[in-house]
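Nothing in this text is a laboratory measurement; each read-out follows from the coordinates by a stated rule. Keep in mind the model is a prediction, meaning the values are calculated, not measured. Counting neighbours? That spans all protein chains shown, and the Cβs are built from the backbone with ideal geometry, glycine included.
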Amino acid sequence: MSDIYDGIWLRRWFLDLTSGRPECDNPVDIGTISAEDRAAIEAKNADIQAAVGSVEAYEAEQSQEEPDSEILALAALRRGDATQEQLGLVAATWGYEVNVSVGPSGEAVNAERERRILAGSAFTVPGVGPVPLLGRQQDQSVYLALLIRAQAYRAAQVTAPVLTIRDAANANHVLTADQMIVLVTSAMNWFEAVMKVSWAMKDGVSPFEAGIPTDFTDDGYWPVP
């Protein structure tokens, strides 16, 4: 009985208190639960698997020792002749459920990341001040094209303001090559930083070892230019 399938789903095994057979219900995405909840589920799964192994060995007369009363009760349930006391013992031992608190999903983090990138931010340009830029894919393509042109102008030692960019407020800025390089580089670095935060949240790496924060949309977790 494997706990994980498809790489992300954690089975939650339980004993059917009518048949005494293991069943699986309500698998959870391991990316949406805390490490503590995952450990509790896996511990419960291990208890179920150990119980099933013990009762099957007893039923096959492979066990060399008299089983515990819980295993005897489970065996009686599987035979269909368990007493009420035995039924109660089985229920108390294996009938509980592990309650989990399902946290934010990776998809929710992706959505927040995309929202922030699309909204963009303001980036300071020497001699100009803050310039707000959006982060739509078509915008980023324009920024990269302007960056290439700016690098070519700088290589040709052109210092005049010859490059125009339209910002998120629909204002045009005519910049020098150096100013354009600063602006676009700052924007692209910020886009990448936002993506890296989302990856860290989903992967559970520093500073998100405890998993995706419940308030992951808080500005405090995300980079500023």
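For the reader, a short list of remarks on this structure follows.
- Rough spin-label spacing in nm, given labels placed 7 Å along Cα→Cβ, for Thr18 and Thr164: 7.6 nm
- Sites Lys196 and Ala50 - FRET efficiency at Förster radius 45 Å, r taken between beta-carbons, to 0.05: 0.60
- Dimensions (Å) - the range 106-221, Cα atoms, principal axes, largest first: 51, 27, 24
- Rg over Rh for the range 4-94 works out to 1.04, using Cα positions for both radii and the Kirkwood form for Rh.
- Filtered GluC sites (Glu not before Pro), the range 26-75: DSSP coil and at most 16 other beta carbons within 10 Å: Glu61, Glu65
- Only one residue of Ala187, Gly129, Leu74 has its Cα farthest out toward the positive end of the dipole of the chain, where Lys and Arg carry +1 and Asp and Glu -1 on Cβ, and that residue is Gly129.
- Dipole moment magnitude, nearest 20 debye, the chain about Cα centre, only Lys, Arg, Asp, Glu C-beta charged: 2000 debye
- Computed extension length for Val174-Ala152: 6.3 nm, one decimal, from 0.36 nm per residue of separation with the Cα-Cα distance subtracted.
- Pairwise label distance in nanometres, Glu61 with Ala119, each label 7 Å out on the Cα-Cβ vector: 7.2 nm
- Dimensions in Å of the chain - Rg and Dmax from alpha carbons: 29.7, 94
- Going from the fewest other Cβ atoms within 10 Å to the most, the residues Leu17, Leu74 appear in the order Leu17, Leu74.
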